[in-house]
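Okay, structure first, notes after.
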């Protein structure tokens with residue numbers, strides 16, 4: 001169990017990590033989800049012991065390890081760049097952590113071959129990393145992390161520099177690879193999709209703060225605040241400032257949306273109403289969906305899906321629609337909001353009422 | 001589609017051809033011309049075949065000078081490459097120190113050869129030079145004019161002072177291009193300082209080191225100005241390198257034929273050695 005207690009990291013005048021508490025269980029997969037510069041790498045460096053926190057303590061299985069150097073902890077890390085020893089063969093690269101820890105030759109050979117087999121590197125053991133493809137280089141780095149048998153495995157956007165197909169393949173294998181080891185697994189990513197595919201737990205990070213931590217699907221479905229909801233939305237979350245008056249949400253006295261059943265209980269007043277792009281559609285998805293007038297800004301075709309950017313009630317929204325919809329800009333259209341999935345956030349950004357349960 | 005031929009394109013490369021012709025091909029061919037002919041003045045030339053070449057290759061004078069060249073280049077490379085790496089490793093990677101160090105390192109490179117020679121010639125003089133006078137006052141016998149060892153020492157110190165910076169700058173460029181994650185990964189592995197150097201920094205510097213090595217070899221093998229300014233090739237013939245001998249022969253004695261033959265041999269030696277170094281170093285790279 002890795003426990004971060006009131007951790008902060010301040011470098012010069014910049015606060016990289018605001019007071020953070022986090023408990024990661026043994027054998028768990030934890031995703032750090034957040035945009036670039038949100039503090040994912042800073043937090044990982046603190047967990048690894050590469051940096052010392054400015055304040056707070058880090059403990060592992062109840063033992064304080066705050067000041068312990070990284071080489072004296074049981075940590076393995078894989079980076080976005082493919083980091084291997086350039087002049088060593090793949091075999092020697094995989095063997096390197098075990099050589100430093102002084103394992104005997106027979107054990108090293110067995111472990112290297114096992115990891116290479118697992119990572120499909122057996123034919124390349126005698127090559128140097130420069131003579132490998134990007135995917136193979138990253139597999140080598142992963143194999144090095146595997147043989148180390150560390151109790152904390154940190155993966156810092158390990159698949160970001162790989163092409164789509166390799167990424168899918170490795171993403172599928174990764175959780176399985178480390179599941180058996182019982183180590184704590186931390187995976188940083190900027191992509192909500194990746195977090196959802198990996199499962200496990202997710203901590204959403206924003207500007208050096210963890211906004212929410214819990215089972216991935218729970219964080220996605222029930223964001224406790226608007227920052228979490230925005231971090232966990234791709235394409236971006238659609239929002240609009242509305243005032244609840246009785247059973248309608250209105251804007252400057254004009255009714256925009258009906259208040260759905262799950263939000264009926266909240267007090268009248270101003271809210272930020274939000275919903276995911278796939279809850280906006282060109283055709284009525286459900287009897288209760290609310291129609292709205294909108295103007296097309298641009299349509300982007302992504303294979304079998306279309307991202308349609310619209311101007312609706314003074315807000316710029318994105319609609320994720322199946323099929324190819326190449327609509328001319330400035331066309332006036334009618335679109336539908338599936339109000340069953342509306343989320344409402346108060347002025348402080350906290351999720352209000354039963355809204356959170358409907359976020360998906 | 002029909003391939004279109006436009007012969008006007010040749011005119012575009014004409015300026016380059018003319019430039020290269022005048023700067024390289026014509027002078028080189030003139031030298032080749034001299035090397036196979038003999039003249040007794042009056043602009044009369046007689047065919048001499050490979051006579052001059054065999055004369056040069058048979059003379060002790062040539063082999064002694066070549067030996068001095070090889071010894072000098074060997075010493076220079078043995079000092080400047082490790083020293084350059086060492087300094088580059090200890091230069092700051094970020095902050096205020098970087099521009100300061102870079103400027104300090106570039107300064108010697110901006111000074112022309114003959115000025116460096118003059119600086120050290122004065123610096124080392126026993127009567128008025130700061131270094132020479134100080135050493136004399138300390139009771140250390142030092143005189144580059146009549147002591148062979150002192151003359152060589154002065155030349156080597158001069159060259160190290162002048163050109164180690166080049167190796168430093170090249171190595172430094174190689175070092176700063178290594179992503180920070182490599183050092184982090186090594187730290188997590190618990191790799192020692194030596195292991196980081198041996199398995200990360202050195203392999204990553206390999207290419208720039210090859211360039212530094214070749215540049216320093218070629219340059220030191222062509223040494224001329226420094227010994228010319230300091231002692232003019234003395235004491236005795238102790239610092240008469242190939243280039244100095246060549247100039248003595250061509251301009252001092254006006255033996256154009258042998259001088260031309262010698263300069264061609266000199267040129268081929270540099271070409272051959274550079275090619276050998278390059279092949280050896282790139283091959284060892286490919287094998288790894």
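How far apart, in nm, are two points set 7 Å out from the Cα along the Cα-to-Cβ line at residue B:47 and at residue B:25?
Distance between the two pseudo-spin positions: 2.5 nm.
Can you give me the relative contact order of segment B:214-288 as a percent, contacts being Cα pairs under 8 Å and 6 or more apart? Before the final figure, lay out each step's value.
Working: 40 pairs, mean separation 20.1, N = 75.
Computed over segment B:214-288, the figure is 27 percent.
If the viscosity is 0.692 mPa s and the temperature 37 °C, what Stokes-Einstein diffusion coefficient in µm²/s follows for segment B:219-276 when Rh is the Kirkwood radius over Cα pairs?
Working: Rh = 11.9 Å.
After rounding, the answer is 276 µm²/s.
Based only on other Cβ atoms within 10 Å, what is the fewest-to-most ordering of B:152, B:5? Please report the intermediate quantities before stating the final value.
On the way: B:152 18, B:5 7.
So the residues, fewest neighbours to most, are B:5, B:152.
Rounded if a/c is under 1.5, else prolate if a/b beats b/c, else oblate: with a ≥ b ≥ c from the C-alpha gyration tensor eigenvalues square-rooted, which is segment B:60-287?
Working: a/c = 2.61, a/b = 1.48, b/c = 1.76.
Since a/c reaches 1.5 but b/c is at least a/b, the shape of segment B:60-287 is classed as oblate.
Indicate, rounded to the nearest 5 percent, the antiparallel portion of the DSSP beta bridges found entirely in segment A:2-231.
Numbers: 20 of 38 bridges.
DSSP beta bridges in segment A:2-231 are roughly 55 percent antiparallel.
Restricting to the protein assembly as shown, what percent of DSSP beta bridges are antiparallel, rounded to 5? Please report the intermediate quantities before stating the final value.
Values: 65 of 83 bridges.
For the protein assembly as shown, the DSSP antiparallel bridge percentage is about 80.
Name the most mobile residue of B:262, B:91, B:222, meaning the one with the largest mean-square fluctuation, in a Gaussian network model of chain B with Cα contacts below 10 Å.
Taking springs between Cα atoms under 10 Å, the residue moving most is B:91.
Find the relative contact order for segment A:20-120 and round it to a whole percent, using C-alpha pairs within less than 8 Å whose residues are 6+ positions apart.
Relative contact order for segment A:20-120 comes out at 13 percent.
I'd like the projected area of segment B:68-144, averaged over all directions, using the convex hull of its alpha carbons. Report it in nm² with one decimal. Let's see the in-between values first.
Values: hull surface 29.3 nm².
Seen from a random direction, the Cα hull of segment B:68-144 projects 7.3 nm² on average.
At 7 Å along Cα-to-Cβ for each site, give me the label-to-label distance between residue A:110 and residue A:160 in nm.
For residue A:110 paired with residue A:160, the spin-label model returns 3.8 nm.
Against the empirical 2.2 N^0.38 Å scaling, what ratio does the C-alpha Rg of segment A:2-231 come to? Can you show the working numbers first?
Numbers: Rg = 17.7 Å, N = 230, 2.2 N^0.38 = 17.4 Å.
For segment A:2-231, the normalised Cα radius of gyration is 1.02.
Angle between the Cα long axis of helix A:105-118 and the longest principal axis of chain A, 0 to 90 degrees, nearest 10?
Value to nearest ten degrees: 30.
Evaluate the distance, in nm, between pseudo-label points positioned 7 Å from the Cα of residue B:106 and of residue A:347 along their respective Cα→Cβ axes.
About 5.8 nm, to one decimal.
Assuming 0.692 mPa s and 37 °C, estimate D for segment A:161-286 with Stokes-Einstein, Rh taken as the Kirkwood radius over Cα pairs, in µm²/s.
Values: Rh = 17.3 Å.
Here the translational diffusion coefficient equals 190 µm²/s.
Zone of residue B:136 (label point 7 Å along Cα→Cβ, backbone N under 18 Å): which residues in segment B:219-260?
B:230-231, B:235
Which semi-axis lengths, in whole Å and largest first, follow from the square roots of five times the eigenvalues of the Cα gyration tensor of the protein assembly as shown?
Working: eigenvalues 1001, 211, 124 Å².
Sorted largest first and rounded, they come to 71, 32, 25 Å.
Please compute, over every Cα-Cα pair in segment A:58-123, the percentage with a separation greater than 19 angstrom.
Values: 1005 of 2145 pairs.
Every Cα pair in segment A:58-123 considered, those over 19 Å come to 47 percent.
What is the angle, in °, between the Cα long axis of helix A:164-179 and the longest principal axis of the Cα atoms in chain A? Nearest 10 is fine, range 0 to 90.
The angle comes out at about 60 degrees.
For helix A:90-100, what angle does its Cα long axis make with the longest principal axis of chain A, in degrees from 0 to 90 and rounded to 10?
Roughly 70 degrees, rounded to the nearest 10.
Counting pairs of alpha carbon atoms under 8 Å apart in space and at least six apart in sequence, what relative contact order in percent does segment A:2-231 give?
After rounding, I find 29 percent.
Can you give the alpha-carbon Rg of segment B:108-203 over 2.2 N^0.38 Å, where N counts its residues? Show your work: numbers first, answer last.
On the way: Rg = 20.6 Å, N = 96, 2.2 N^0.38 = 12.5 Å.
Segment B:108-203 yields a ratio of 1.65.
Given the alpha-carbon gyration tensor of segment A:238-358, what are the semi-axes of its equivalent ellipsoid in whole angstrom, ordered largest first, with each equal to the square root of 5 times an eigenvalue? Working shown, then result.
Working: eigenvalues 133, 42, 31 Å².
Computed over segment A:238-358, the values are 26, 14, 12 Å.
When chain A is treated as a GNM, springs tying every alpha-carbon pair under 10 Å, which of A:87, A:274, A:287 comes out with the largest mean-square fluctuation?
A:287
Choose one answer from A:179, A:203, A:233: the residue with the largest mean-square fluctuation in a GNM of chain A with alpha-carbon springs under 10 Å.
A:179
Once every DSSP H run of n ≥ 4 in the protein assembly as shown is given -39500 (n - 2.57) and the sum is divided by its residues, what mean residue ellipticity at 222 nm do you get, rounded to the nearest 500 deg cm²/dmol?
Using -39500 (n - 2.57) per qualifying helix, the result is -13500 deg cm²/dmol.
How much length is gained on full extension from residue A:57 to residue A:36, taking 0.36 nm per residue of separation minus their Cα-Cα distance? Please list the in-between numbers first.
Details: separation 21, 0.36 × 21 = 7.56 nm, distance 2.54 nm.
The residue A:57-residue A:36 span can extend by a further 5.0 nm.
No lab work stands behind these numbers, since they all come straight from the coordinates. Bear in mind that the values here come from a model prediction, so they are computed numbers and not experimental data. Neighbour counts run over all protein chains shown; Cβ positions are idealised from the backbone, glycine included.
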